[in-house]
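S.K.: Starting off with a structure, shown below.
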Amino acid sequence: MTQSRIGQWSSRWLFILAATGSAVGLGNIWKFPYITGENGGGMFVLMYLGLILVIGIPVLMAEIMLGRRGGQSPVKSLEVVAQESGQPKTWGWLGFAGILTAFFLLSIYSVIAGWSASYVFRAFSGAFAGLDAQQIVMMYDSFIANPKQLMLWHTVFMGVTALIVSRGLQNGVETAIQILVPGLFIILLILVGYSITTPGFKEGVVFLFKPDFSMITASSFLLALGQAFFTLSIATASMLIYGAYLAKNASIFKAGCSIAVLDTLSALLAGLAIFPIVYTYGLLPDEGVGLVFKTLPLAFGEMPYGRMFGGLFFLLLVFAALGSSISMVEPIVAWVTQRWNIVRVKASWLVAGLIWLVGVGSVLSFNVWQDYRLFGRWNYYELLDDLVFMLLLPLGGLLIAIFAGWFMKRQFSFAELEMPPALYSLWRFSIRFLAPIAVIVLVIVTFM
Ligand code: PHE
């Protein structure tokens, strides 16, 4: 490789920490519990675990591998890797697609992260105490109906993200991640510790782990696959750039497995923290999107030390979201600095500012623009949400698997992954066949 690499983690442990911070996010603490709740619990969890193992980890490894092999910003990395295997430079577009996905994803992600930040203060100040179910829902409804409030928190969240990324890989990203990731696991353990003492613990565990085979449906399978990609931060160029910063002598196989294990552990712990509380306070597990903001506060309002536990819970969401948002901004900033020759500080504020701007549309679509529908169907937020989740993420994951499996030369991926031959063959089988077929089925079924 002719060019020198664009940066390097201080240690491979920091890479694992940062990649775990990326992987553990709203997807784990907010989304995983509510889609599990809506899809019957244990059976869904089992399917999700299987998909992570068989498809998620191999594709995650593929993305990290492409990044490390290239050693550059996402677009350039893919160009380098493509050319080395005698493929056209146009594969660089796949890196660009990842950047675009990160851009749009963060514009909506930041809005929800902002809600969590606002709820940290509500919870710690005791705002849920003594409210009944209806009043909690009213609190939520009037909050999202208030564009100024949402804008404030969206701005704060993007500002903090920009500040961290602008300080550079070592001073910014590594420093932040060393606080956020251990912090979030400590909070999770405290919350699970509380959950264990509640009378609903057993019911929660049964719900989470007892598979009911009648619950396997095509749609829950597809949901689990989408969630597996999303939760491992695949297809947003995040793992490409984090891989580009990874030292040559680190094992991608071991790193990929550690990241997936920690990510899965955090999702399961979040489920273990949440469902016992849901059962103890007579709430419903299948409350959907509102589970975290409309259901749980009721329990926090009633339980002993509910202020503290509630505050910690929303803080957990913010920590998790920050580790993720950093990893969505980083690939874009790396690209902007390399492609346009702009210094990191400027690039960070510019990128975050643009994402913020696009996010304003989502803020408004919860209130002022609520009735404004594109093609009579989507509001602005829903449009971006569908664009990212139905199109960009699955397609990005598909193309990464196809590129690494069919276009990159076998000798290069073999050299880069340094796995025992039998495991390497399994990896290759997954990214050449299993992952593409699963995603293609997903896309076809979704659009039928
Ligand atoms: N993995 C994150 C989550 O579970 C989301 C994410 C996707 C973060 C892509 C970075 C990049 O919430």
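The values are calculated or read from the model by the stated rules, or taken from the named source; none is laboratory data. Predicted model only: the values in this text are computed from it and were never measured. As a convention, Cβ positions derive from the backbone with ideal geometry for all residues, glycine included, and neighbour counts pool all protein chains shown. For accessibility, only protein heavy atoms count, side chains too; no ligands or nucleic acids. Shrake-Rupley method; radii C 1.70, N 1.55, O 1.52, S 1.80 Å.
S.K.: Do we find a residue being of a type in the set (A, V, I, L, M, F, W, C), over 20 Å from Asp386 (Cβ atoms) and within 20 Å of the chain's Cα centre (by Cα) anywhere in region 87-98?
M.R.: So far as region 87-98 goes, yes, one or more of its residues are of a type in the set (A, V, I, L, M, F, W, C), over 20 Å from Asp386 (Cβ atoms) and within 20 Å of the chain's Cα centre (by Cα).
S.K.: For Ile326, are the conditions met, namely being touching a helix residue (DSSP H, G or I) at 6+ places or on another chain (Cβ under 6 Å), modelled with pLDDT of 95 or more and outside any helix (DSSP H, G or I)?
M.R.: In short, no.
The rows are residues; the columns are (1) at pLDDT 95 or above; (2) of a type outside the set (Lys, Arg).
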{"position": "Lys210", "(1), (2)": "no, no"}
{"position": "Ser219", "(1), (2)": "no, yes"}
{"position": "Leu223", "(1), (2)": "no, yes"}
{"position": "Gln227", "(1), (2)": "no, yes"}
{"position": "Ile234", "(1), (2)": "yes, yes"}
{"position": "Lys254", "(1), (2)": "yes, no"}
{"position": "Cys257", "(1), (2)": "yes, yes"}
{"position": "Asp263", "(1), (2)": "yes, yes"}
{"position": "Leu272", "(1), (2)": "yes, yes"}
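S.K.: For region 357-427, give me every one of the helices (runs of 4 or more DSSP H) that falls completely inside it and has 2 or more residues that are β-branched (Val, Ile, Thr).
M.R.: Because the criterion is at least 2 residues that are β-branched (Val, Ile, Thr), the helices (runs of 4 or more DSSP H) in region 357-427 that meet it are 393-402.
S.K.: If Val329 satisfies every condition in (1) over 24 Å from the mean Cα position of the chain (by Cα); (2) more than 19 Å from Ser195 (Cα to Cα) but one, which is the exception?
M.R.: (1)
S.K.: Can you tell me which of Phe403, Phe375 is at pLDDT below 95 and closer than 27 Å to Tyr109 by Cβ?
M.R.: From the options Phe403, Phe375, the qualifying one is Phe375.
S.K.: Looking at Trp369, Trp356 in this structure, which one is open to solvent by 10 Å² or more (accessible area, probe 1.4 Å) and over 17 Å from Trp115 (Cα atoms)?
M.R.: After ruling out the rest, the residue left standing is Trp369.
S.K.: Let me ask you something else. Consider region 223-278. How many of its residues are within 19 Å of the chain's Cα centre (by Cα), under 18 Å from Gly70 (Cβ atoms) and hydroxyl-bearing (Ser, Thr, Tyr)?
M.R.: Matching residues across region 223-278 total 4.
S.K.: Is it true that Ser85 is hydroxyl-bearing (Ser, Thr, Tyr), in contact with a Leu (Cβ under 8 Å, 6 or more places away or on another chain), away from the ligand (no atom under 16 Å from the Cβ) and over 23 Å from Gly310 (Cα atoms)?
M.R.: Against the criterion (hydroxyl-bearing (Ser, Thr, Tyr), in contact with a Leu (Cβ under 8 Å, 6 or more places away or on another chain), away from the ligand (no atom under 16 Å from the Cβ) and over 23 Å from Gly310 (Cα atoms)), Ser85 does not qualify.
Here is a yes/no grid of residues against (1) within 24 Å of Ile326 (Cα to Cα); (2) touching a residue at least 12 places away in the same chain (Cβ under 8 Å); (3) more than 25 Å from the chain's Cα centre (by Cα):
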site: Leu354; (1), (2), (3): yes, yes, no
site: Gly359; (1), (2), (3): yes, yes, no
site: Glu382; (1), (2), (3): yes, yes, no
site: Ala415; (1), (2), (3): no, no, yes
site: Met419; (1), (2), (3): no, yes, yes
site: Ser425; (1), (2), (3): no, no, yes
site: Ala435; (1), (2), (3): no, yes, no
site: Ala438; (1), (2), (3): no, yes, no
site: Thr446; (1), (2), (3): no, yes, no
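S.K.: Still on this structure, I have one more. Consider only pairs whose beta carbons are under 6 Å apart and that are at least six residues apart or on different chains; among these, list those whose first residue lies in region 123-144 and is touching a residue at least 24 places away in the same chain (Cβ under 8 Å) and whose second residue is surrounded by 14 or more Cβ atoms within 10 Å (Cβ to Cβ) and assigned to a loop (DSSP other than H, G, I, E, B).
M.R.: Pairs that qualify, where the first residue is touching a residue at least 24 places away in the same chain (Cβ under 8 Å) and the partner is surrounded by 14 or more Cβ atoms within 10 Å (Cβ to Cβ) and assigned to a loop (DSSP other than H, G, I, E, B), are Ile144/Phe366.
S.K.: Would you check if Arg5 is of a type in the set (Lys, Arg) and crowded, with 22+ Cβ neighbours inside 10 Å?
M.R.: Spelling it out, it is not the case that Arg5 is of a type in the set (Lys, Arg) and crowded, with 22+ Cβ neighbours inside 10 Å.
S.K.: Would you point out the residue of region 128-167, among those that are among the hydroxyl-bearing types (Ser, Thr, Tyr) and open to solvent by less than 70 Å² (accessible area, probe 1.4 Å), that is farthest from the chain's Cα centre (by Cα)?
M.R.: Only one residue tops the list, namely Tyr140.
S.K.: Would you point out the residue of region 274-290, among those that are aliphatic (A, V, I, L, M) and either in contact with an Asp or Glu (Cβ under 9 Å, 6 or more places away or on another chain) or open to solvent by 30 Å² or more (accessible area, probe 1.4 Å) (or both), that is modelled with the highest pLDDT?
M.R.: Top of the filtered list is Val278.
S.K.: Taking Leu184 and the conditions (1) at pLDDT below 95; (2) assigned to a helix (DSSP H, G or I), which numbered condition does it fall short on, given that it satisfies the others?
M.R.: (1)
S.K.: Which of the residues spanning region 204-238 are farther than 15 Å from Lys31 by Cβ and among the hydroxyl-bearing types (Ser, Thr, Tyr)?
M.R.: Residues satisfying the conditions are Ser214, Thr217, Ser219, Thr236, Ser238.
S.K.: If you don't mind, another one. Which of the residues that make up region 372-386 are within 18 Å of Gln227 (Cα to Cα) and open to solvent by less than 60 Å² (accessible area, probe 1.4 Å)?
M.R.: Listed by number, the residues that qualify are Leu384, Asp385, Asp386.
S.K.: Does region 237-247 include one or more residues that are in contact with an Asp or Glu (Cβ under 8 Å, 6 or more places away or on another chain) and more than 26 Å from Pro420 (Cβ to Cβ)?
M.R.: Scanning region 237-247, I find at least one residue that is in contact with an Asp or Glu (Cβ under 8 Å, 6 or more places away or on another chain) and more than 26 Å from Pro420 (Cβ to Cβ), so the answer is yes.
S.K.: A further question follows. Hey, any hits in region 168-181 for a residue that's touching a residue at least 12 places away in the same chain (Cβ under 8 Å), open to solvent by 30 Å² or more (accessible area, probe 1.4 Å), assigned to a helix (DSSP H, G or I) and among the polar types (S, T, N, Q)?
M.R.: Yes.
S.K.: Scanning for something away from the ligand (no atom under 13 Å from the Cβ), of a type outside the set (Asp, Glu) and over 23 Å from Trp13 (Cβ atoms), does region 251-262 turn up at least one residue?
M.R.: For region 251-262, residues away from the ligand (no atom under 13 Å from the Cβ), of a type outside the set (Asp, Glu) and over 23 Å from Trp13 (Cβ atoms): absent.
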